[in-house]
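Here the structure comes first, spelled out in structure tokens, and everything after it is commentary.
Each reported figure results from applying straightforward, stated rules to the coordinates on display, with no laboratory input. These figures come from a predicted structure and were not determined experimentally. Neighbour counts run over all protein chains shown; Cβ positions are idealised from the backbone, glycine included.
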Amino acid sequence: MKILFTKNIDQATLSKELGEDISVDCVEVIKTKPILITPFDLKNYSLIFTSVNGVAAFFKNRFKPNENFTAKNYNKIYCVGEKTKKALRKHGFGTFKVLKNADTLSKFIIGNCQHEQFLHFCGNLAINVLDKELPLQNIKYKKVTIYNTEETNPLIPEKYHAAVFFSPSGVRSFAKQNSLKDMKLFSIGETTSGELRNYTHENIFTSDENTLSSVFELIRREIVSKL
């Protein structure tokens, strides 16, 4: 059984999680690079992060959130996914709300945060759920692009029984030169699965949470346990 992961994962982790009977190759299908911008005042804004890369680029640009909850103009921080939450915590900041994907975050903001104004620190290929839905509800929202994602479109001649995807841009990059036919397809979350459906009618296995551990659990259930 051979599985392709479309991002680099530590080999020791792969062996521990999937065992020795699974052969795994890792190929990076996207590259990210921070954009350097001049930091500006975040006063009166709530902040949105939908990726670890967004968090890294935000602090690389020396932005300084105000997390003093007793202050009048502190910044509420909203994020998507536990990995993004952990990345913020490494920089010493907590989160006001953590949602599993951009769609649920959009619904939460529309239902509970009508009077806030938002800055979304993200990449150039960020999904457009928030900027499509929030302005329709008269919620002030602005994207701040602080990193670039490049789809590398690698040609992968090797044949695999399964492939694992971690982002919509990763799906697009892979599908540019490779077929998804006759493979089991695994996806980290519904947003990535939605992109896969643009390229295939194959069954897609979607992790319950946007975490690597949830992806491993899914692969163990659908592949490893059946070997």
**Study point:** Amide proton proximity set for residue 162, modelled H, under 5 Å, gap of 5+
**Key:** 2, 4, 184
Check your understanding: Going out from 0 in 10 Å bins, what whole percent of all Cα-Cα distances in segment 32-150 drops into each bin?
Key -> 14, 49, 34, 3, 0
Exercise for review: Under a cut-off of 30 Å between alpha-carbon atoms, report the lysines in cross-link reach of residue 2, not counting same-chain residues fewer than 8 places apart.
Suggested key: 16, 31, 83, 100, 159, 176, 181, 184, 226
Review point. Which of these values of mean projected area of the Cα convex hull in nm² was calculated from the structure shown: (1) 13.1; (2) 15.3; (3) 18.3?
Key: (1)
Check your understanding: What does the helix-only formula give at 222 nm for the chain: each DSSP H stretch with n ≥ 4 adding -39500 (n - 2.57), the total divided by the residues, and the result rounded to the nearest 500 deg cm²/dmol?
Key -> -8500 deg cm²/dmol
Revision key, fill the gap. Taking the alpha-carbon centre of each part, the distance from segment 139-202 to segment 37-108 in Å is 25 Å
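About the Cα centre of the chain, what is the dipole size in debye to 20, counting +1 per Lys and Arg Cβ and -1 per Asp and Glu Cβ, all else neutral?
Working: 32 positive and 24 negative charges, 173 e Å.
That gives the chain a dipole magnitude of about 820 debye.
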Point to revise | DSSP-defined antiparallel bridges as percent of all bridges, the chain, nearest 5 | key: 15 percent
